[in-house]
1. How many of the residues making up segment 21-33 are exposed (fewer than 11 other Cβ atoms within 10 Å of the Cβ) and assigned to a strand (DSSP E or B)?
2. May I ask you to list the residues in segment 106-122 that are closer than 16 Å to ALA45 by Cα, over 15 Å from the mean Cα position of the chain (by Cα) and surrounded by 11 or more Cβ atoms within 10 Å (Cβ to Cβ)?
3. Which residue out of GLY86, GLY93 is of a type in the set (Gly, Ala, Ser), part of a helix (DSSP H, G or I), touching a Gly at 6+ places or on another chain (Cβ under 8 Å) and closer than 22 Å to GLU7 by Cβ?
4. Confirm whether ALA61 is small (Gly, Ala, Ser) and surrounded by fewer than 23 Cβ atoms within 10 Å (Cβ to Cβ).
5. From ARG62, ARG128, which residue is of a type in the set (D, E, K, R) and in contact with a Ser or Thr (Cβ under 8 Å, 6 or more places away or on another chain)?
6. What pairs come up if the first residue lies in segment 13-36 and is touching a residue at least 40 places away in the same chain (Cβ under 8 Å), the second is in a loop (DSSP other than H, G, I, E, B) and polar (S, T, N, Q), and their beta carbons are under 9 Å apart, counting only those six or more places apart or on different chains?
7. Considering each of SER77, SER18, SER12 in turn, give the residue that is buried (at least 18 other Cβ atoms within 10 Å of the Cβ) and of a type in the set (Gly, Ala, Ser).
8. Write out, first by first residue and then by second, each pair whose Cβ atoms fall under 6 Å of each other, whose residues are 6+ apart or on separate chains, and whose first residue, in segment 44-73, is assigned to a loop (DSSP other than H, G, I, E, B) while the second is modelled with pLDDT of 95 or more.
Amino acid sequence: MQFKEDELRQFSQMVWQSILGLDVKPSDRPFNAGEDQTEGCVQIAGAWRGMVTLSCPGELARKVAEIMFHLGPAEVSPEEVQDAIGELANMIGGNLKALLPPPCELSLPIVALNGHKLHFPMTETVCRVTLECLGHQFQLTILKQKESMRRIFSF
């Protein structure tokens, strides 16, 4: 299955606009989430195996949580940041899942805060886009399980 950068951009723009009321635009600068990076991921299992990740600076992640949960800056907890980024990753993953051959299911979101990174060995990048919102960059990546792993772990 091939994914196009335009599709990933459109799904992201649609989700950020409908859920947060925020505009998203493509970024042509190199991506740098900084040391306080927040990263969310949903895995896709079934006829196609892979994942969708959303990486952004902690400041953007906190702003997203403020907007999503109607909170002031001092009211946002780490749990709300996790929930907000996980939900965005989940919604974008759900839109991508609709393009995949059935059956496919989404996992619950996984979120890493404060510069911790999620690692997915035995995967390869299929598509990656860097976008901007509120003056901050964020990056969406689609990874797929390597074919050699599908033969080993076919269940």
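1. Count: 1.
2. Within segment 106-122, the subset closer than 16 Å to ALA45 by Cα is 106-110, 120-122.
Okay, now just the ones that are also over 15 Å from the mean Cα position of the chain (by Cα), so 121-122.
Once the filter is applied, which keeps residues that are closer than 16 Å to ALA45 by Cα, over 15 Å from the mean Cα position of the chain (by Cα) and surrounded by 11 or more Cβ atoms within 10 Å (Cβ to Cβ), segment 106-122 yields only MET122.
3. Only one candidate qualifies: GLY86.
4. When the stated conditions are applied, ALA61 does not pass them.
5. Working: ARG62 fails: in contact with a Ser or Thr (Cβ under 8 Å, 6 or more places away or on another chain).
So the residue among ARG62, ARG128 that is of a type in the set (D, E, K, R) and in contact with a Ser or Thr (Cβ under 8 Å, 6 or more places away or on another chain) is ARG128.
6. Pairs that qualify, where the first residue is touching a residue at least 40 places away in the same chain (Cβ under 8 Å) and the partner is in a loop (DSSP other than H, G, I, E, B) and polar (S, T, N, Q), are GLU35/ASN114; ASP36/ASN114.
7. On the way: SER77 fails: buried (at least 18 other Cβ atoms within 10 Å of the Cβ); SER18 fails: buried (at least 18 other Cβ atoms within 10 Å of the Cβ).
Residue meeting the stated conditions: SER12.
8. Sorted first by the residue in segment 44-73, then by its partner, the pairs are PRO57/HIS136.
The values are calculated or read from the model by the stated rules, or taken from the named source; none is laboratory data. Here the structure is a predicted model, which is why all the values come from computation and not from measurement. When we count neighbours, we look across all protein chains shown, and the Cβ atoms used for this are built from the backbone with ideal geometry, even at glycine.
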